[in-house]
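Worksheet: one structure, shown below.
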Amino acid sequence: MSAVAARPRPARSPGGVLLAALVGAPTVALVVAAWALVATLVGGLVTTLPIGPALLLGLLLGAAVGLIRGRAGTAPGAAVGAGVVLGLAWLLATGFRPLGLEEVRPLWGIALALLSLGLAGHLVRYALRDIDLGRLYRDTVERVLVRLLRGAGFAFFLLIILFPFWYMLAASLKDRSEILRDPASLSIEFGRGVAELLRGYTEVLFTFDFLNFIGNSALVAFVTMVVTLIMAVLGAYAVTRLAFPGRTVLSRAILLIYMFPAIVLVIPLYAVFTQLGLRNTLPGLLIVYPATTIPVALYMLRSYFLTLPKDLEEAGLIDGCTRAQVIWRITLPLAMPAIASVGLYVFMIAWNEFLFAFMFLDDPGIFTLPRGMVMLNSQEVPRQYLMAGAMIITLPIMILFFWFEKYLVGGLTAGGVKG
């Protein structure tokens, strides 16, 4: 008898292989649809959606992944290799015409088509990652069905989220003749060169003075964030830790200002700021913005402070710390995730605010980015300049959001449960 026992291979039943094939069919169809969409958007290629061949390849790919699980386990390379091999077989059978393309295309089109089928193999493997194909039960089929529906829902929502962003990007990289010739085209002519592709951005940044607008928006958003955080931290600490008359009423009335739409407040503020000489000034915005962001910031921090233990603060007071030292040395470090998330949220509000900036600012030298966008919304200004301006507004806040996303999610959910 051999000293080393052979490792048992996972069992496979005909029903398990059939289940894997049924998983592969919609997966390949979805991946081919995504590949055809990307080829149309990026390269302007003529594509189709061959549902029949995609479903057939999906059945074969799913069955292959179900069969090789006994030999290669759940290694991703085996599943990806199965997809690439089936893609090569399709190319050989059709005269090197990638699935989804109308005509034979260059090598990059063939390579990307093969990669898409390799991705489909990996997705099938992932959908079956902990499924026992040797023993099928009702809950097994239900789990697989839920995963397929979840994947389809994720792809759908990803599409409707990315489509407007891609439209802005594609339009911002065109010239006027391309937009007039085919306004609905979403492809990008990369052969025009980097300088020509980025002409809209250079014109917006330098000719329309968007560099100055970026500085104004950054200044207003940063000062608003700092002022809001200082006031919100002190206010949230007061209503959660200090006993004073009216504390309960004040806590419940924090968000009262949000019962009034901004359009209702802007008219009396316009009249008052005109008489005080604060209209058409950045300090005027720095008064209005914190007034609108402090209530929501205070409410969010209040919910978080309620979850912090009072024992640490009481121990600090016993040790001789003043109330300010307790806040600085104990409360703020503990509340830093919530403070970071609230600061990012306030910064995003101030960066994107349009109504008050549009009503109060008349001098182009102090325009913020949303106010400056109005200059691009004109018949005399090419549409690609408007889209370039929209991208300039969107990109910085997207980078900040994804950079601090862990703080945003953690801070928003931290105060949801007390105890």
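Does Ala171 satisfy the condition of being within 30 Å of Arg329 (Cβ to Cβ) and part of a helix (DSSP H, G or I)?
Criteria not met by Ala171.
Looking at the stretch 201-210, is at least one residue farther than 30 Å from Gly343 by Cα, buried (at least 18 other Cβ atoms within 10 Å of the Cβ) and touching a Ser or Thr at 6+ places or on another chain (Cβ under 8 Å)?
No, every residue in the stretch 201-210 fails to be farther than 30 Å from Gly343 by Cα, buried (at least 18 other Cβ atoms within 10 Å of the Cβ) and touching a Ser or Thr at 6+ places or on another chain (Cβ under 8 Å).
Among the basic types (Lys, Arg), modelled with pLDDT under 75 and surrounded by fewer than 12 Cβ atoms within 10 Å (Cβ to Cβ): does that describe Arg135?
yes
Just to be sure, is Thr224 out of contact with any Leu (no Cβ under 6 Å at 6 or more places or on another chain), under 24 Å from Ala340 (Cβ atoms) and hydroxyl-bearing (Ser, Thr, Tyr)?
yes
For the stretch 160-194, which residues satisfy the criterion of being aliphatic (A, V, I, L, M) and in contact with a helix residue (DSSP H, G or I) (Cβ under 8 Å, 6 or more places away or on another chain)?
Met168, Leu169, Ala170, Ala171, Leu173, Ile179, Leu186, Ile188
The values are calculated or read from the model by the stated rules, or taken from the named source; none is laboratory data. Quick caveat, the model's predicted, so the values are computed rather than measured. So basically every Cβ, Gly included, is an ideal-geometry build from the backbone, and we count neighbours across all protein chains shown.
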